[in-house]
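J.: Sharing a structure, written as structure tokens. Questions coming.
The values are calculated or read from the model by the stated rules, or taken from the named source; none is laboratory data. Keep in mind that this is a model prediction, so the values were computed, not measured. Neighbour counts run over all protein chains shown; Cβ positions are idealised from the backbone, glycine included. Heavy atoms of the whole protein, side chains included, go into the accessibility calculation; ligands, DNA and RNA do not. Shrake-Rupley method; radii C 1.70, N 1.55, O 1.52, S 1.80 Å.
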Amino acid sequence: MIITVVWATPHLQDVVAVELPPGAKIADAVRCSGFLTQYELDPATLRFARHGVRATADACLAENDRVDITRALLVDP
């Protein structure tokens, strides 16, 4: 299945499509995207969303899902 993974900052937007087997989880998509090493991201500080809705790293994915990698809030609004 094809999953879109997105990483964005105020200065950068990067989108990549990854192919994963059925039953894959958000953590699998993030790892396969290459963003962790490319942007030196610390997985312990990251949060995730699926189609804009907060999700955990162990959430299962479906065909054509979009995974957003987000940072923890610095200030609680």
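J.: Which residue, chosen from GLN13, GLY52, ASN64, occupies the Cα position most advanced towards the positive end of the dipole of the chain, where the dipole is computed from +1 (Lys, Arg) and -1 (Asp, Glu) charges on Cβ about the Cα centre?
T.: Farthest along the dipole direction, towards plus: GLY52.
J.: Also: Please list 3J(HN,Hα) in residue order for region 54-70, calculated via the Karplus relation 6.51 cos²θ - 1.76 cosθ + 1.60 where θ = phi - 60°; whole Hz, with x for glycine and proline.
T.: 3, 8, 8, 4, 9, 6, 6, 10, 10, 3, 6, 5, 10, 10, 9, 8, 10
J.: Next question, about the same structure. With every protein chain present, what is the per residue accessible area of the chain (1.4 Å probe, Å²)? Mind showing how you got there, number by number?
T.: On the way: 5040 Å² over 77 residues.
Here the per-residue accessible area is 66 Å².
J.: Set the Förster distance to 25 Å, then compute FRET efficiency between HIS11 and CYS60 from the Cβ-Cβ distance, nearest 0.05.
T.: Working: r = 32 Å, r/R0 = 1.29.
Result of the calculation: an efficiency of 0.20.
J.: Under the Kirkwood approximation for Rh and a Cα-based Rg, what ratio Rg/Rh is obtained for the chain? It would help to have the intermediate numbers written out before the result.
T.: Details: Rg = 11.9 Å, Rh = 12.6 Å.
Looking at the chain, the ratio lands at 0.95.
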